[in-house]
Amino acid sequence: MAQEITHDLDALEARLGEVEGYLGLDATRATIATLEEESAEPGFWDDADGARATMERLARAKEDVQAFEEARALLGDARAARELGEELEDEESLAESEDLAARLEGALTELELSSWFTDELDLGDAIVTITPGQGGLEAQDWTEMLFKMYLKYADRRGWKVTVNDATPGEAIGLDRATFTVSGKNAYGMLKADQGVHRLVRISPTDAKKRRQTTFAGVEVLPVLPDDIEVQIDPSDLRIDVYHASGPGGQGVNTTDSAVRITHLPTGLVVTCQNERSQIQNKASAMKILASRLYEQEKAKREAELDELRGPKHEISFGNQIRNYVLYPFQLVKDTRTGIETGNVDSVLEDGDLDPFIIGFHRWATGQRSAERA
């Protein structure tokens, strides 16, 4: 029986051509040549910070070009395998062509993502904070479930996670979780999940096994690069230290290593307790505070709060961006895009969020294009 052909290689080739235009690869290649010349000049490393920034730009530019060339090679290999399979009626070659085409489709999606992220901050790291909303103690359990889901997602993407604060709830779950995600396009990707997340399930703590609806809020901030400075007056800060309540070893839990910083003019409060020393926790908390102040200032200057954070909503019914239903049926559905799956475990247990996150960015890009038209 002949191998069923499912991928249209002509359509994938058309997408590849569109991606080359989106990314402006001719200009990127010219940028690479310019940066390579700069890096070869005498005294280039005299300004170490500037040199590192240049080398990071060079690495990103080379990565985009390399990814495109690899995608083009996949297309050529897929065509060759399909032609061979059809000519010789060879099932193995046809199967190889399908495998290569599937890999090409995934590579094109990643390249398209890069073209959608136009803000420099989109390319960098993210600070994610999850807090419980309506639902009492069970909202704290939901907060921990989301925390674990994002850890799994980061692992799937090859991102590094640094937990800044994971405060245990009163009886179950977490009262708050803040963590930094480091990796390519981490902020650009994760900002799709900023908002209210709603869980519907049979209550695990209710003896009568009644259905419970709980909420948690996800905030996503960019980690500011070194060349963006936020001026913070030390006199505007109240800094409290206390015993850490989360994991971290005996040294953490028996010393006043946890730090809470309150920015008095704005009322912003940041905590960090997962490092072993008070100095490290303070440094991490200050980075998070700087990102939050930057976000506020940018929103004030540009009057475009939705670009970074989205409109602020109460963490309750009617404001959710995604529903996770475990009972009476199983479904995860994004309220903005309509994307859904009945495989709840793949999302919550395995962190398979790409269909939702990539789907949101594709939808949002289409919305922006329609508004400009």
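Given a cut-off of under 8 Å on Cα pairs at least six residues apart, what relative contact order in percent is computed for the stretch 167-301?
Taking the mean separation of contacting Cα pairs over the length of the stretch 167-301, I get 17 percent.
Tell me the relative contact order for the stretch 9-116 as a rounded percent, counting alpha carbon contacts under 8 Å between residues six or more apart.
34 percent
Against the longest alpha carbon principal axis of the chain, how many degrees, from 0 to 90 and to the nearest 10, is the axis of helix 137-157 turned?
Approximately 30 degrees, to the nearest ten.
With a point put 7 Å past each Cα toward its Cβ, work out how far GLU120 is from GLU105 in nm, to one decimal.
In this crude spin-label approximation the distance works out to 3.7 nm.
Run the numbers on the chain and let me know its relative contact order in percent, using alpha-carbon pairs under 8 Å that are six or more apart.
14 percent
Give the distance, in whole Å, between the Cα centre of the stretch 271-294 and the Cα centre of the stretch 320-373.
If you average the Cα positions of each part, the centres end up 32 Å apart.
Can you compute the FRET efficiency between LEU331 and LEU88 using 1/(1 + (r/R0)^6), with r the Cβ-Cβ distance and R0 = 56 Å? Round to the nearest 0.05.
The calculated FRET efficiency here is 0.80.
Over 29 Å between Cα atoms, which of LYS62/LYS160; LYS152/LYS298; LYS184/LYS333; LYS282/LYS333 qualify?
Long pairs (Cα-Cα over 29 Å): LYS152/LYS298; LYS282/LYS333.
For helix 278-302, report the angle its Cα long axis makes with the longest principal axis of the Cα atoms of the chain; keep it between 0 and 90° and round to the nearest 10°.
Compared with the principal axis, the helix lies near 70 degrees.
Quote the FRET efficiency, to the nearest 0.05, computed for ASP256 versus SER182 with a Förster distance R0 of 25 Å and r equal to the Cβ-Cβ distance. Show your work: numbers first, answer last.
Numbers: r = 28 Å, r/R0 = 1.12.
Rounded to the nearest 0.05, the efficiency is 0.35.
To the nearest 0.05, how large is the calculated FRET efficiency for SER235 and GLN280 if R₀ is 22 Å and r is the Cβ-Cβ distance? List each step's numbers first, then the result.
Working: r = 23 Å, r/R0 = 1.06.
Result of the calculation: an efficiency of 0.40.
Pull out the extension gain between VAL269 and ARG368, defined as 0.36 nm times the separation in residues minus the alpha carbon to alpha carbon distance; nm, one decimal.
Net length gain for the segment: 32.3 nm.
Only four residue types carry charge here, +1 at the Cβ of Lys and Arg and -1 at the Cβ of Asp and Glu. Report the dipole size of the stretch 121-373 about the Cα centre in Debye, rounded to the nearest 20.
Numbers: 31 positive and 35 negative charges, 116 e Å.
Rounded to the nearest 20 debye, it is 560 debye.
Is the shape of the chain rounded, prolate or oblate, going by the alpha carbon gyration tensor and its root eigenvalues a ≥ b ≥ c, with a/c under 1.5 for rounded and a/b larger than b/c for prolate?
Oblate is the answer for the chain, as a/c is 1.5 or above yet b/c matches or exceeds a/b.
Report the label-to-label distance for THR34 and ARG156 in nanometres (one decimal), using points 7 Å from each Cα along the Cα→Cβ vector.
Going by the 7 Å Cα→Cβ label model, 3.8 nm.
Could you give the distance between the Cα centres of the stretch 104-151 and the stretch 60-92, to the whole Å?
31 Å
If each DSSP helix of 4+ residues adds -39,500 (n - 2.57) and the sum is divided by the residues in the chain, what number results at 222 nm, nearest 500 deg cm²/dmol?
-16000 deg cm²/dmol
Calculate the spin-label point distance for GLU349 paired with VAL65, positioning each point 7 Å from the Cα along the beta-carbon direction, and give it in nanometres.
According to this spin-label approximation, the distance is 4.6 nm.
In the chain, if the dipole is taken from +1 on Lys/Arg beta carbons and -1 on Asp/Glu beta carbons about the Cα centre, which of GLN296, THR31, VAL223 is farthest to the positive end?
Farthest along the dipole direction, towards plus: GLN296.
Throughout, read-outs are computed from the coordinates displayed, never taken from laboratory work. Keep in mind the model is a prediction, meaning the values are calculated, not measured. As a convention, Cβ positions derive from the backbone with ideal geometry for all residues, glycine included, and neighbour counts pool all protein chains shown.
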